[in-house]
Amino acid sequence: MRRTVLRRTHPRGDVQRNHEHHKSNVCDTINDLINICCATAGIDALTLRQQYRDITLRAQLNLILQSGPGSLKSTMLEEIAAKHTVTPYSYVTYAAMIGTIDQTTGDLIPGLVWQTRRKPLLLDEFRTGERGDTGSIDVLLGVLESGLYKRKVGQRTRPYIQEDGDLYYRVKDGEIEVKTRFPCIIATMKNLDKMRSEKYEALAQRCIPARFSLMPEELDEILEGKRFYEYRKYDVDPNLVLSRRDYSDICEIAKKFRAENLSFQAVYARAVGDLCRIAAVLGFIDVRLSLLICYLKSGYKIDQALDLTEKNVREYR
């Protein structure tokens with residue numbers, strides 16, 4: 001199977017190839033992140049060339065959109081769903097996430113982690129286990145990390161198997177085993193800074209947290225019919241290789257940011273992975289967007305991250 005490397009159209013030292021992706025407002029930034037996230041649904045494997053060995057990285061990018069009530073997050077998810085022919089789900093339970101068993105026949109109905117494979121999974125106000133179903137977040141944490149989840153169920157079920165390339169959903173001897181791939185977009189009004197749940201923190205680290213507020217004029221435009229989500233198509237190869245040189249450039253950006261922002265240490269490794277996934281979709285290393293992601297992963301809101309990025313991006317080129 002053919003593998004492709006990132007396109008390099010400019011000399012080393014000028015890795016900022018394209019300014020079109022970064023317009024200095026919140027809505028456009030959210031759209032950039034959503035479109036890149038959804039595009040990773042088309043990547044089967046992302047290989048990193050590293051100094052000591054090659055590794056295969058989870059290719060799918062995940063996103064948390066956090067804002068207060070009335071910021072039209074559900075409207076945005078509906079627009080994303082319409083473009084990508086999927087359905088947004090609210091308050092998903094463990095049974096819905098992994099699958100449900102017919103009490104009469106013992107047949108199993110596959111859950112969302114299988115039904116949404118190779119497509120974006122959209123979750124509106126996803127439960128975090130703080131008051132409700134802890135199993136749902138356990139499933140999501142597993143599949144977002146490795147694509148794998150395996151668990152015994154307490155009921156007798158008929159043997160069941162579905163396969164899709166290297167992906168599968170299997171049920172045998174009361175055990176569910178799934179291998180799946182999908183990018184996930186979660187919309188929530190919960191304040192990420194005030195969450196005390198370790199599971200929620202683990203979920204946030206597996207995603208790019210995008211905290212935002214819309215300006216009154218932006219809300220007015222949307223209420224007048226302007227689309228919140230503007231689709232941009234990215235052509236991605238299902239099998240991509242990130243060269244050692246590209247990987248080194250990405251690490252240098254993250255290392256420089258870490259040296260100047262001590263709080264970034266806790267999310268450094270996952271941030272490097274997210275920068276690799278973004279470069280894989282774009283086909284080049286975008287310094288401005290990479291720096292913006294570092295600020296978002298460090299806990300800054302989008303408007304703050306945009307200001308800091310514009311102020312400091314020259315130091316990273």
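Read-outs: derived from the displayed coordinates by stated rules, not from any lab. For clarity, every value in this text was computed on a predicted model and none was experimentally measured. Every residue, glycine as well, gets a Cβ built from its backbone with ideal geometry; the counts of neighbours run over all protein chains shown.
In table form, for the structure just shown:
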quantity	calculated
Whole-number D in µm² s⁻¹ for the range 176-237, Kirkwood Cα-pair radius fed into Stokes-Einstein, 4 °C, 1.567 mPa s	84
Fraction of antiparallel bridges per DSSP, the chain only, in percent to nearest 5	50
Cα-derived Rg over Rh, computed across the range 201-317 with Rh taken as Kirkwood radius	1.01
Unit charges on C-beta of K, R, D, E only; dipole of the chain, Debye	1120
Over the range 232-282 - Rg/Rh using Cα atoms and the Kirkwood inverse-distance radius	1.05
Cα long-axis angle, helix 244-260 against the chain (0 to 90 degrees, to the nearest 10)	80
Potential lengthening between residue 223 and residue 235 on full extension [0.36 nm per residue; Cα-Cα distance subtracted]	1.2 nm
Within straight-line cross-link reach of residue 179, aspartates and glutamates at Cα separation under 19 Å, skipping those fewer than 8 residues along the same chain	44, 138, 145, 163, 164, 166
Burial order of peptide ranges 274-282, 86-94 (average beta-carbon count within 10 Å, highest first)	274-282, 86-94
Long-range tail of P(r) for the range 63-206 (Cα pairs > 27 Å, %)	23
Helix 287-297 vs. the chain, principal-axis angle (Cα, 0 to 90°, nearest 10)	50
Alpha-carbon Rg/Rh ratio, for the range 65-149, with Rh computed the Kirkwood way	1.00
The range 255-311 - Rg and Dmax from Cα coordinates, angstrom	10.8, 30
Longest site-free stretch - the chain; sites: GluC sites (Glu not before Pro), DSSP loop, at most 11 other Cβ within 10 Å	21-223
Amide H contacts of residue 64 (H built 1.01 Å from N, under 5 Å, at least 5 apart or other chain)	186, 208, 210
Cα long-axis angle, helix 134-146 against the chain (0 to 90 degrees, to the nearest 10)	50
Quotient of C-alpha Rg and 2.2 N^0.38 Å, computed over the range 64-114	1.51
Cα point-scatterer Debye curve for the chain, base-10 log of I(q)/I(0) at q = 0.08 Å⁻¹	-0.37
